[in-house]
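The values are calculated or read from the model by the stated rules, or taken from the named source; none is laboratory data. The model shown is predicted, which means the values in this text are computed figures rather than measured ones. Glycine gets a Cβ as well: all are built from the backbone with ideal geometry, and neighbour counts include every protein chain shown. In case anyone asks, the SASA skips ligands and DNA or RNA and just uses the protein heavy atoms, side chains included. Shrake-Rupley method; radii C 1.70, N 1.55, O 1.52, S 1.80 Å.
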Amino acid sequence: MDLAVARKRMVAQLVKRGITNARVIGAMQDIPRHIFVEEAMAAQAYSDSSLPIGEKQTISQPYTVARMTQMLELTGREKVLELGTGSGYQAAVLATLANRVYTVERIRPLALKARKALDSLRLLNVNLRIGDGTDGWPEEAPFDAILVTAGAPHVPQCLIDQLAPGGRLVIPVGDRQDQRLVLVIKHADGSVERQETEDCRFVKLIGKNGWNEEN
Ligand code: SAM
């Protein structure tokens, strides 16, 4: 099937499932998801499912990418931190919706592939670092938005500390298998509000402020 047609259908499905933010819908339409998966999987890239990307990791389901991005309420001026670059697809979506993106991936081969894919789209506003992202990126803080795309046992306090006033953090929190999406809002007066939204399933956030590698 024509991949552009498949992408249009994917976006139509996202709208049917409740994605309403026009900028997010536009970004999902603009970014070619198939370049973030193995060539042999290109035909499946526009189904609404997560797919393997190697190293026992996955590219998230398009609905989840759209839903989490929508929760950040980006306007185009933000400095955004993503933890869990994976394929680089979510970073690409963020890069079209915000001013600058800082993304961290702990698995080097994935990070290198993601960098190539992002460069091929000339998304020059994405800074990528290899390492444990559970400490955030203190040198670049504060961030207007933080998105964690791996499941955490709790919300790391350092990420809340690295949010700017008015900033939003979206993170899946739960056990090793099942999580709920948590939205943390740091209000202008410094108070912190926490909202639990829908259930989700992510691979583990592994690191100092996440799960132990052995578990
Ligand atoms: N956002 C990705 C995308 O668009 O393809 C999908 C992310 S995948 C579900 C989760 C990623 O988080 C994996 O690539 C995994 O290696 C990474 N990860 C897990 N723990 C991490 C940590 N402490 N720091 C950085 N990356 C981490």
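Restricting the search to helices (runs of 4 or more DSSP H) fully inside region 1-115 and requiring at least 2 residues that are among the aliphatic types (A, V, I, L, M), touching a His at 6+ places or on another chain (Cβ under 9 Å) and in contact (Cβ under 8 Å) with a residue 24 or more places away in the chain gives 3-16.
Looking at (1) within 29 Å of residue 34 (Cβ to Cβ); (2) surrounded by fewer than 21 Cβ atoms within 10 Å (Cβ to Cβ), which is the one condition that is false for residue 154? Single failed check for residue 154: (1). Filtered by the rule that a residue be under 20 Å from residue 82 (Cα atoms) and either among the basic types (Lys, Arg) or surrounded by fewer than 13 Cβ atoms within 10 Å (Cβ to Cβ) (or both), region 177-186 gives 180, 186.
Apart from one condition, residue 129 fits all of (1) among the basic types (Lys, Arg); (2) assigned to a strand (DSSP E or B); (3) farther than 21 Å from residue 93 by Cα; the exception is (3).
Residues being of a type outside the set (A, V, I, L, M, F, W, C) and either at pLDDT below 95 or near the ligand (Cβ under 8 Å from one of its atoms) (or both) are represented in region 139-160 by at least one member.
Close contacts from region 151-172, counting a first residue that is assigned to a helix (DSSP H, G or I) and a second that is modelled with pLDDT of 95 or more and surrounded by fewer than 16 Cβ atoms within 10 Å (Cβ to Cβ), with Cβ to Cβ under 8 Å and a gap of 6+ residues or different chains, come to 158/138; 160/192. Residue check: is residue 70 open to solvent by 20 Å² or more (accessible area, probe 1.4 Å) and either within 13 Å of the ligand (Cβ to nearest atom) or within 26 Å of residue 12 (Cα to Cα) (or both)? So residue 70 fits the description; yes.
Scanning region 184-215 for residues that are away from the ligand (no atom under 14 Å from the Cβ) and in contact with a Leu (Cβ under 7 Å, 6 or more places away or on another chain) yields a count of 5.
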